[in-house]
Amino acid sequence: MSTVSVRKTEDYRQDTLDLAVANHFDALQIEKDLRPGMKVTIKPNLLTARRPNQAATTHPNLALAVVKWLRDRGAEDITVADSPAGPYHAANLRTVYGVSGMNILEGCARLNYDTGWKEIPCPEGFRNRCFNIINPLADADYIINIAKLKTHSLTTMSGGIKNMFGSIPGLQKPEMHYKYPGQEDFANMLLEVAGTVSPDITLIDAVEAMEGNGPNSGDRRYMGLTLASRDVFSQDYVAAGLMGIEPESVPMLKLALAKGLFSPSDICVTGDFTQNGLKPFRLPDSKKFLGFLPDFMRGPVSKAAALFLKPLPNLDEGKCIGCGKCAESCPPHIIRIADKKARIPKKGCISCFCCQEVCPAHAIEVRRSLGKSL
Ligand code: SF4
Ligand code: SF4
């Protein structure tokens, strides 16, 4: 049986989060895992330099609640580490820690500045033989994954599984998009990264989640919840349901089910929450279209249209500040900056939406158009 703990967590006040973490960890009996001298690594979602109230990154007070819980039980070697979008170097990490508020942890945990990685072999049966994993995760005795619940233009949702993609160093992530441009292959790679790094516990910050054009350009969506589980796959299945997303419409969950990585009938949801009153999340533009059609026509017409219409990034020139972050993260390197504006051709685009994910000005929308690049 896989226990998924779901608790009302009304706000980001420290006492609210301290209580939520204590209740989750009691429900999952985490205290018995702790050993003297253990190296613990906390893996938040630090996608890019976003403030806590923008709902794109894990709230720092939730990470602090976890650190306090660990320290109260004698843990001393605690590192906070993620590989955000863009180059994996100390200057980028410093900016992201500062803007996301994670630097409140300084003094009670180590903020990672080691930008090395190790090649970690994959378990038997995986398609990949190994992954490059950032040092603090590769070297940890115990991993606590703290994801942010969001919609996602490429993977439909981002929870615990997708958060482990941040174990891959910096610009090696766009390379993975290029290597696995198909939805199913990319989903399989995400499952294999999560299975290789294998977090001991995953918490999901869904106090303020994100809907619409996540993971970076969407809108804040209040849920007032946190989730925790030892089983990241079952937990994302439950989280998708809470978002009003059919789990089998999420490629990584559909594939995880097919591979037998979890079973819905073995999930036990515990805590103080009922789903009553939760409205479905708005999906990213890349995942919805033909919304003007009546429900009974959407399925068949969507399938037919998807054969001809491809979701592609579309630039709002008025918003673009010419920073070049999209070009830096584009796996096939097709984006150019000219006259302080991004130039995004259709030809060669693999519809990964890394450009939209990193754009600080929210200048990139997704539209369906005839895929000349197909
Ligand atoms: S589209 Fe966004 S990321 Fe790209 S150059 Fe313009 S502002 Fe920067
Ligand atoms: S233009 Fe954007 S969506 Fe297309 S391949 Fe580059 S990063 Fe991906």
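Could you please tell me which pairs satisfy a Cβ distance under 7 Å, a separation of 6+ or placement on different chains, a first residue in segment 53-72 that is at negative phi and surrounded by 22 or more Cβ atoms within 10 Å (Cβ to Cβ), and a second residue that is modelled with pLDDT under 95 and in a helix (DSSP H, G or I)?
Nothing qualifies.
Among the candidates Pro181, Pro199, single out the residue that is part of a loop (DSSP other than H, G, I, E, B), in the same structural domain as Trp69 (by TED's automatic domain parsing) and farther than 18 Å from Phe262 by Cβ.
Details: Pro199 fails: farther than 18 Å from Phe262 by Cβ.
Of the residues listed, the single one that is part of a loop (DSSP other than H, G, I, E, B), in the same structural domain as Trp69 (by TED's automatic domain parsing) and farther than 18 Å from Phe262 by Cβ is Pro181.
Under 7 Å between Cβ atoms, which residue pairs at least 6 apart in sequence (or on different chains) link something in segment 1-22 that is without any contact (Cβ under 8 Å) to a residue 12 or more places away in the chain with a partner that is part of a loop (DSSP other than H, G, I, E, B)?
Correct list of pairs: Thr16/Thr9; Thr16/Glu10.
Suppose we filter segment 139-157 for residues that are outside any strand (DSSP E or B), in contact with a strand residue (DSSP E or B) (Cβ under 8 Å, 6 or more places away or on another chain) and more than 16 Å from Ile201 (Cα to Cα); how many remain?
Filtering segment 139-157 for residues outside any strand (DSSP E or B) gives 139-141, 153-155.
Cutting the leftovers down to in contact with a strand residue (DSSP E or B) (Cβ under 8 Å, 6 or more places away or on another chain) gives us 139-141, 153.
If we keep only those that are more than 16 Å from Ile201 (Cα to Cα) as well, we get 139, 153.
So the answer is 2.
Restricting attention to segment 261-302, which residues are within 18 Å of Ser229 (Cα to Cα), modelled with pLDDT of 95 or more and in a loop (DSSP other than H, G, I, E, B)?
Leu261, Phe262, Ser263
Of all residues in segment 189-217, which are more than 25 Å from Ala81 (Cβ to Cβ), surrounded by 20 or more Cβ atoms within 10 Å (Cβ to Cβ) and modelled with pLDDT of 95 or more?
Glu211, the sole residue that qualifies.
From the set of residues in segment 328-342 that are within 26 Å of Gln172 (Cβ to Cβ) and in contact (Cβ under 8 Å) with a residue 24 or more places away in the chain, which is nearest to ligand 2 (Cβ to nearest atom)? If you could, list the steps in order and put the result at the bottom.
To start, the set of residues in segment 328-342 that are within 26 Å of Gln172 (Cβ to Cβ) comprises 328-337, 342.
From the residues that got through so far, the ones that are in contact (Cβ under 8 Å) with a residue 24 or more places away in the chain too are 328-332, 342.
On the way: Glu328: 10, Ser329: 6, Cys330: 3, Pro331: 6, Pro332: 5, Ala342: 9 Å.
Residue satisfying both the conditions and the ranking: Cys330.
Please verify whether segment 351-358 includes one or more residues that are modelled with pLDDT under 95, more than 13 Å from ligand 1 (Cβ to nearest atom) and of a type in the set (A, V, I, L, M).
No, segment 351-358 has no match at all.
When you scan segment 147-174, how many residues do you find that are hydrophobic (A, V, I, L, M, F, W, C), surrounded by fewer than 24 Cβ atoms within 10 Å (Cβ to Cβ) and touching a Gly at 6+ places or on another chain (Cβ under 9 Å)?
The qualifying residues number 1.
The values are calculated or read from the model by the stated rules, or taken from the named source; none is laboratory data. It should be emphasised that the depicted structure is a prediction, and the values quoted were computed from it without experimental measurement. All Cβ positions, even for glycine, are placed from backbone atoms using ideal geometry, and neighbour counts span all protein chains on display.
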